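What follows is one structure encoded as structure tokens, with my remarks underneath.
The values are calculated or read from the model by the stated rules, or taken from the named source; none is laboratory data. The structure displayed is predicted, hence computed values, not measured ones. As a convention, Cβ positions derive from the backbone with ideal geometry for all residues, glycine included, and neighbour counts pool all protein chains shown.
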Amino acid sequence: MVLHLTDDFKANAADWEAAGVKLPQYDPAEVAAYTAEHPYWVHFGAGNLFREVQALIAQSLLNQGLVKSGVIVAETFDADIIEDSFKPYDNRGLSVILKSDGSIDTELVASVAASYGVKKHDEVWDGLVKVFTNPELQFVTVTITEKGYAIKNNDGELLPWIKPEVENGPDSAVSAMGAITALLFERFKAGAKPIAMVSTDNFSQNGDRFRSVIVEFAELWAKKGFVSEDFVRYVDDPEQVSFPLSMIDRITPNPAESVSKLLAEKGFGDNKIFHTAKGTNVAPFANSEETWYLVIEDSFPNGRPALEKAGVFLGDRDTVNDSDEMKVTTCLNPVHTALAVTGRLMSYDSMSETIADPTLKALAERLSYKEGLPVVTDPGIFSPKEFAEKVIDVRVPNPSLPDSPVRISTDTSQKVPIRFGVTIKKYVESPDHDVNELVAIPLAIAAWLRLLLGKDGKATDDNGNEITLSPDPRIPELQAALAPLTLGGDLSKADEVLKPILADTTLWNVDLTQTPLAEKIVGYFKELAAGTGTLHPVLNKELGL
Ligand SMILES: NC(=O)c1ccc[n+]([C@@H]2O[C@H](COP(=O)([O-])OP(=O)(O)OC[C@H]3O[C@@H](n4cnc5c(N)ncnc54)[C@H](O)[C@@H]3O)[C@@H](O)[C@H]2O)c1
Ligand SMILES: O=P(O)(O)OC[C@@H](O)[C@@H](O)[C@H](O)[C@H](O)CO
């Protein structure tokens, strides 16, 4: 028998259980009906992480009878995600957890009570307005990638798709930041009930940045007379609209063909992977690892369910900030980025291959243990050392996890300020640490710059083969800046060409040319760019292998 997500799973529970799938302990139709009148949670960004963290937390709360409503998901950037992978499956999904011992856990997730793909202000938008004007709505979570929060370019000008929204007011807003500000305006007009807006994207002080962008949007509209100053005060008042900090962690690769095949073999019919026109890879299933953490600053002015009973850590601001800095700037994401850029140079297909390479593993170990850990604050709820060891010894090497350097090196330019810049800044500012001690971080930066050599988004790997770089909004600009330098060509101008890039504080958080790192990076870059087959010798030499 072929199993489908839209099945009456209670009626054929035996078949689902025979396939080893854990089932919801509630009635999804009842939950959807109740949620329509009593929404408490909206999530923006219907990507893969949502299915493996937020939707599972919502399911756990429902299973335990702690709530009667489900989570509502909204998508502003890529409404096709909703049309392709939510609507046809009654918003249900299959969570596939690929454990490092090779075993697999599957769970049918039916906690998404409604889904909204926003394209314009039509009936879909009206549906979201109804949710946002409901006084019972307690909080919003967001996973829209780092670039989803940008409203201005590096020169401080409004982005081309944001400008018309600023000019035309809340009724025209469909970008993530514009739409969220407009929905908060609807809530304000409907009685200004409180709400928590929780960014669960991977960057330091995510809540603070989220607040500043929403407040800026509100101010821009206030200047043009679309909204009142009272609205600006509402979004800027943490007692009314809070923007808690958070740390989220679960390595969740794009849905993999291998997993789709495996599900088909197990008799699961809904295993199609969609590659949307906007480049999101989604499916009615998601694949992830066993380990996960969600830590949120406990600041929910309209209340919250017992999230801690579904595995969420709630803490004070410092605990959350320290947890996030530990993960995003030291123990996980910098290691990921260093392995991904060097892994792309080696054309490794999977992340487990990168860390199986002793040279790349040594780079990861030095980066995490020797360079990151000494400047990280212990959050108290995890041991940074144990966290780092688990990343390097268990999580990245997990051979079952179909994660790739291609995914992780997406948007590297948006990530390096956080993944490397924060640690660099700490070394620069600390009287107890010497920035000259850094080797792995400048090596990873030099490797990334070497990877970018090429044009039109193409590059050459360390074996001499042409590769297509992962999408990144700054690739055209960076490749153009690097154009005078070619792999194996004349590198005498490397210093002059790299200097403006290394001085760019939007990339590194600090002006690297004011530190000894610039010279180090230029030196490593020249060795790496001298030809093909350089990555291992250069890394081995610098890492003392
Ligand atoms: N996947 C993971 O392992 C993981 C783990 C921890 C945190 N995160 C965080 O979650 C984010 C999303 O990860 P994912 O696995 O869901 O990715 P995904 O590729 O599956 O989905 C990306 C989501 O972001 C939205 N998006 C992309 N660009 C946008 C833009 N410019 N404006 C607004 N929305 C935009 C997409 O529409 C989609 O909803 C990551 O960028 C990261 O910050 C991911
Ligand atoms: O999700 P991104 O694009 O910010 O970064 C890619 C990965 O490093 C990231 O998704 C990790 O898998 C994640 O941070 C693990 O919790």
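The helices (runs of 4 or more DSSP H) falling completely within the stretch 488-545 that include 3 or more residues that are buried (at least 16 other Cβ atoms within 10 Å of the Cβ) map to 494-502, 517-528, 535-542.
For the stretch 511-545, a residue qualifies if it is within 13 Å of PRO442 (Cβ to Cβ) and under 29 Å from the mean Cα position of the chain (by Cα), and the qualifying residues are LEU512, LEU517, ALA518, ILE521, PHE525, LEU539.
Listed here are the residues, each with its yes/no results for (1) β-branched (Val, Ile, Thr); (2) surrounded by fewer than 16 Cβ atoms within 10 Å (Cβ to Cβ); (3) under 17 Å from GLY47 (Cα atoms).
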{"position": "ARG250", "(1), (2), (3)": "no, no, yes"}
{"position": "PRO255", "(1), (2), (3)": "no, no, yes"}
{"position": "LEU262", "(1), (2), (3)": "no, no, no"}
{"position": "ALA283", "(1), (2), (3)": "no, no, yes"}
{"position": "SER288", "(1), (2), (3)": "no, no, yes"}
{"position": "THR291", "(1), (2), (3)": "yes, no, no"}
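Residues in the stretch 295-321 that are in a loop (DSSP other than H, G, I, E, B) and either under 20 Å from GLU136 (Cα atoms) or touching a residue at least 60 places away in the same chain (Cβ under 8 Å) (or both): ASP298, SER299, PHE300, PRO301, ASN302, GLY303, ARG304, PRO305, ALA306, GLY311, VAL312. All told, VAL67 falls short of being in a helix (DSSP H, G or I), more than 13 Å from ligand 1 (Cβ to nearest atom), assigned by TED's automatic domain parsing to the domain that holds ALA310 and in contact with a helix residue (DSSP H, G or I) (Cβ under 9 Å, 6 or more places away or on another chain).
The set of residues from the stretch 74-102 being farther than 17 Å from PHE268 by Cβ and surrounded by fewer than 20 Cβ atoms within 10 Å (Cβ to Cβ) comprises ASP80, GLU83, LYS87, LYS99, SER100, ASP101, GLY102. Of the residues making up the stretch 397-439, those that are among the aliphatic types (A, V, I, L, M) and either buried (at least 23 other Cβ atoms within 10 Å of the Cβ) or not in a loop (DSSP other than H, G, I, E, B) (or both) are LEU401, VAL406, ILE408, VAL416, ILE418, VAL422, ILE424, VAL428, VAL435, LEU438. Is it true that GLY303 is under 22 Å from GLN240 (Cα atoms) and out of contact with any strand residue (DSSP E or B) (no Cβ under 8 Å at 6 or more places or on another chain)? Spelling it out, GLY303 is indeed under 22 Å from GLN240 (Cα atoms) and out of contact with any strand residue (DSSP E or B) (no Cβ under 8 Å at 6 or more places or on another chain). Residues that are under 16 Å from GLU308 (Cα atoms) and within 16 Å of ligand 2 (Cβ to nearest atom) within the stretch 23-54 comprise VAL53, GLN54, listed in sequence order. If we keep just the residues of the stretch 469-487 that are without any contact (Cβ under 8 Å) to a residue 40 or more places away in the chain and part of a helix (DSSP H, G or I), which is nearest to ALA530 (Cα to Cα)? Among those that are without any contact (Cβ under 8 Å) to a residue 40 or more places away in the chain and part of a helix (DSSP H, G or I), it is LEU482. Assessment of the stretch 117-128 against the conditions (under 28 Å from SER323 (Cα atoms) and in contact (Cβ under 8 Å) with a residue 40 or more places away in the chain) yields no matching residue.
Hey, can you tell me all the residues within the stretch 391-406 that are charged (D, E, K, R) and either on the phi > 0 side of the Ramachandran plot or within 15 Å of ligand 1 (Cβ to nearest atom) (or both)? Once the filter is applied, which keeps residues that are charged (D, E, K, R) and either on the phi > 0 side of the Ramachandran plot or within 15 Å of ligand 1 (Cβ to nearest atom) (or both), the stretch 391-406 yields ARG395, ASP403.
Residues in the stretch 340-356 that are more than 15 Å from THR460 (Cβ to Cβ) and of a type in the set (D, E, K, R): 2 in all. Taking the criterion of being of a type in the set (S, T, N, Q) and either farther than 21 Å from ASP432 by Cβ or not assigned by TED's automatic domain parsing to the domain that holds THR330 (or both), the residues of the stretch 349-382 that qualify are SER350, SER352, THR354, THR359. Does any residue of the stretch 39-49 turn out to be out of contact with any Leu (no Cβ under 8 Å at 6 or more places or on another chain) and either at positive phi or not assigned by TED's automatic domain parsing to the domain that holds ILE144 (or both)? For the stretch 39-49, residues out of contact with any Leu (no Cβ under 8 Å at 6 or more places or on another chain) and either at positive phi or not assigned by TED's automatic domain parsing to the domain that holds ILE144 (or both): present. If you go through the stretch 391-401 and pick out every residue that is touching a residue at least 40 places away in the same chain (Cβ under 8 Å) and more than 12 Å from ligand 2 (Cβ to nearest atom), you end up with 5. Taking THR200 and the conditions (1) within 13 Å of ligand 1 (Cβ to nearest atom); (2) without any contact (Cβ under 8 Å) to a residue 60 or more places away in the chain; (3) within 17 Å of PHE300 (Cα to Cα), which numbered condition does it fall short on, given that it satisfies the others? The one condition THR200 does not meet is (2).
Might you check whether a residue that is farther than 30 Å from GLY489 by Cβ and among the aliphatic types (A, V, I, L, M) occurs anywhere in the stretch 435-442? Taking every residue of the stretch 435-442 in turn, at least one turns out to be farther than 30 Å from GLY489 by Cβ and among the aliphatic types (A, V, I, L, M). Scan the stretch 355-371 and tell me whether some residue there is modelled with pLDDT of 95 or more, of a type in the set (Ser, Thr, Tyr), within 16 Å of ligand 2 (Cβ to nearest atom) and out of contact with any Cys (no Cβ under 9 Å at 6 or more places or on another chain). For the stretch 355-371, residues modelled with pLDDT of 95 or more, of a type in the set (Ser, Thr, Tyr), within 16 Å of ligand 2 (Cβ to nearest atom) and out of contact with any Cys (no Cβ under 9 Å at 6 or more places or on another chain): absent. Checking each residue in the stretch 372-390 for being part of a helix (DSSP H, G or I) and either within 14 Å of ligand 2 (Cβ to nearest atom) or in contact (Cβ under 8 Å) with a residue 40 or more places away in the chain (or both) picks out GLY372, LEU373, PRO374, VAL375, PRO384, PHE387, ALA388, LYS390.
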